[in-house]
1. Answer with one residue from ILE133, GLN534, GLY473: the one whose Cα lies farthest towards the positive end of the charge dipole of the chain, charges on Cβ with Lys, Arg +1 and Asp, Glu -1.
2. Longer than 26 Å from Cα to Cα, which of LYS519/LYS602; LYS21/LYS130; LYS223/LYS482; LYS206/LYS252 are they? Say none if no pair is.
3. If we count every other residue with Cβ under 10 angstrom of VAL91's Cβ, Lys/Arg +1 and Asp/Glu -1, where does the sum land?
4. With runs of 4+ DSSP H residues as the only contributors, calculate the mean residue ellipticity of the chain at 222 nm using -39,500 (n - 2.57) per run, divided by the residue total and rounded to the nearest 500.
5. Under the rule a/c < 1.5 gives rounded, and otherwise a/b versus b/c splits prolate from oblate, where does segment 270-369 land using the Cα gyration tensor?
6. For segment 500-597, run through the trypsin sites (Lys or Arg not before Pro) and keep only the ones in DSSP coil with at most 12 other Cβ atoms within 10 Å of their Cβ.
7. Toward the positive end of the charge dipole of the chain, about the Cα centre and with charges on Cβ (Lys, Arg +1; Asp, Glu -1), which of MET365, GLY157, GLN3 goes farthest?
8. Where does the charge balance sit around GLU138 when Lys and Arg score +1, Asp and Glu -1, over other residues with C-beta under 12 Å from its C-beta?
Amino acid sequence: MKQIILGTAGHIDHGKTTLVKALTGIDTDRLKEEKERGITIELGFAHLRLPDGQLVGIVDVPGHERFVRHMVAGATGVDLVALVVAADEGVMPQTREHVEICELLRVKQGLVALTKIDMVDDPDWLDLVKEDIREFLEGTFLMSAPIIPVSAVSGQGIAELVAEIQRLCQSVEARSTSADFRLPIDRVFTIKGFGTVVTGTATAGKVRTGDTLVVYPQEIRAKVRGLQVHGEEVDEAMSGQRTAINLQGIEKAAVERGNVLAAPDSLIPSRLVDVRLQHLESSPRPLKHRAKVRFHTGTCEIMASLNLLDAEELAPGSSGYAQLRLEEPVVVRRGDRFVLRSYSPLRTLGGGQVLHPAPVKRKRMAASTLAVLTVLEKGEPVELVRVHLEDAGVAGIKEDDLAIRTNISDKQLARVLQDLSSRGGAVQFDREGRRFADSRILKKLTDLVKGQLEDFHQREPLRSGMSKEELFGRMPGGVDGKLFTELLQGLIRQGQVVQEKDLVRLASHQVALAADQEKLREEIEGIYRQAGLQPPFFREVAQSLGVPEALSRQLLAWMLEQGMLVKIKEDMYFHGGALEDLKRRLLDFFAGHEEISTPQFKDLTQATRKYTIPLLEYLDATRFTIRIGDVRRLREGGK
């Protein structure tokens, strides 16, 4: 059976709560202050069993202008609206504002309950009120809605009202339960012995007892201890149901109205939201850029700065793109509806649709900004995915995050990504984490890698290549390491780049010493070969030979790569042959000794202390020996 929510709307004291009680037998005014003052302050909830067996959840909203924010919260997830107009007063200010809010939230259908007919004796007056209502509703979603005269006191018209509700319910589309569970919280309380309980209208998915959910935007995990729908315990609740959820492992103080209870990793807290905004035609003045506004979505109200992206101001009745900069994090998904109200005095300004739940800061009046927002508003799934891939840039984006930002189904998203990947529009660079990048981003990074290697070869013609670590360090900030590896492997597969151990070079790069360079290299190597285990500092060698600094550095790097020289410490290099000879002598020594002391090592090498300690530390670092106290032993496998 379909899950249906009916919401009331209308001016204060027009009989909404009394009508709900006449329909259901439930008094939705539960607060002492509501009883004393005779007005609805908080949201009230009831349920109605129709003659055909359909169960309808009812949300009764306050009519007083001071509590319109509660009305907006109550309208979240409503399928049908019952606009309540008192026969003795007709259309009033909150009647108009409530209808505007329902339109902004895209409530699709409803009816008009013309209440308090027992207060009117003149039939002509009733006809005038009906005519006034019909004129008022012209052009709205209720323009063709039935107007049903009722009296909650005498019961007149109640049966007709129930029959009309039943008729409307038959045309309500069944909600899908395949999406991630989401419930905007409208009440938080505790029950002795059970702990924290939250209530709201589930707007997506389904939940079962024992599931783990997350309270957003705080991102606090809690386990579902119990579920109730319309006061009855259930094992499962789903989209479209008024639901109470007993949460385990969370304190009441950690949760508040306006929070959202949802599946783990299904929402992204953000202080920025891209929107398409409709300014109400009834507004008295233009809506200015940077206006301070109240942002209502779901059950939350957050102060925000309105940044118009394609205009300096919005005239009444016009629409445009905007970015809201919020004072607190909000969690929304693309397609969510919202309402804007003025900071002071309180009145509804407009509302619209969320285009991006967690965008970057947009540049105003820029063609690129408007192009992106147009795609976010009207684009096909493949266009949406490409926009978000491009937004993610060099960091790439997880498939789960793409699902949140695009709000398209998992199956459809998987098909889009597979299609994009097969056509070269996207690259999956992290299969385990299901992360993707725009192929255009990868192309730019690929060109950057080749450019960096080309520059390096020009600066260091005698070096075989750049270290992979150094090359990665030259990438733009935020580049994912797996994305870098993916593009590097692509270049290797294409034969454009060669990687030898940790060094990377262009395939076209070959090291060749010129005749004069080869002569200098032979002289340097000869000096180090002859010096054995007591070599001079390299800077002294270069100066004695009159080698320019840039060339000496290049020759040194080349000789290190070739293994002719080995760096022991800063500016201290040994000939590779001398070190190999030292290791052979040590192996002979260890054949007859278990360990060697520093004085013994000094005697063996005939080197001064300046070289003895660095050599011992080098042998330890290369895992040839191991230090135990003041002596060294041959490390197992050392050679």
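1. Going by the Cα projections, it comes out as GLN534.
2. LYS519/LYS602; LYS223/LYS482
3. -2
4. -11000 deg cm²/dmol
5. Oblate shape, in that a/c is at least 1.5 and b/c is the bigger or equal ratio.
6. Counting only loop positions with at most 12 other Cβ atoms within 10 Å, the trypsin sites (Lys or Arg not before Pro) in segment 500-597 are LYS501.
7. MET365
8. Numbers: positive: ARG134; negative: GLU131, ASP132, GLU135.
Result for the neighbourhood of GLU138: -2.
Read-outs throughout are calculated quantities, based only on the coordinates presented, and are distinct from any laboratory measurement. Values in this document were obtained by computation on a predicted structure and should not be read as measured data. Heads up, the Cβs are rebuilt from the backbone with ideal geometry, glycines too, and the neighbour counts pull from every protein chain shown.
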